[in-house]
Amino acid sequence: MSRFVPAGKSDLDALQEQESRVSKKHQEDEEDKEIPSLYEQMRLNHERKELEYQAKLKAKNQPHKINAKELDFYKQLRERNDLKNLETKQEIEKELLLFDKLKKENSSIKNSTKPLPYVPNINRGKVRKPSSLGVKKKPLKKGESKFSKLEDTTKNNTEPKAKPLLNNYSSDSESNSD
């Protein structure tokens, strides 16, 4: 055999370089395996967006801490409402007292009045109710309605229309000028 050694085989640097190439190749293969599929990417994006939305919703629905100014406003508002309620209760009590007082006065007036004298029932005899037995209904012609007949009869029964007021008009000023 020849003693000739090709370059890069016996060298320590060459061995390290070869190992680094192999390790890079191995890392690239692993990275290719780590890239998720399109479905996985979409699922991960959906989960991320859902978590962001939940956090936003949670922040929106958190209770609001009231500061001193708002607290004073709500206290004043409650006091106004309480005063209005108290005033209405007092008005109702006054009206009830007045009603009771008037009721007692009216009952005392009723008790003090003389009873009405007895009036016997007056027999007026029998009162006849209108009867529809004597009225004959005429059959309607084809195409007529009972309402059109009623309109025709009301038109015939009306008084003749008055003549216009301006006919035979004469004024005092015209008669004086003659």
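The values are calculated or read from the model by the stated rules, or taken from the named source; none is laboratory data. Quantities reported herein were computed from a predicted structural model and do not represent experimental measurements. Cβ sites come from the backbone with ideal geometry, for glycine too, and all protein chains shown count toward neighbours.
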- Task: Go through 84, 101 for me and flag whichever is modelled with pLDDT of 95 or more, surrounded by 10 or more Cβ atoms within 10 Å (Cβ to Cβ) and among the charged types (D, E, K, R).
- Result: 84
- Mind listing whichever residues of segment 20-52 are among the aliphatic types (A, V, I, L, M) and in a helix (DSSP H, G or I)? 22, 38, 42, 44, 51
- Note on the structure: Across segment 30-46, the tally of residues that are surrounded by 10 or more Cβ atoms within 10 Å (Cβ to Cβ) and charged (D, E, K, R) stands at 2
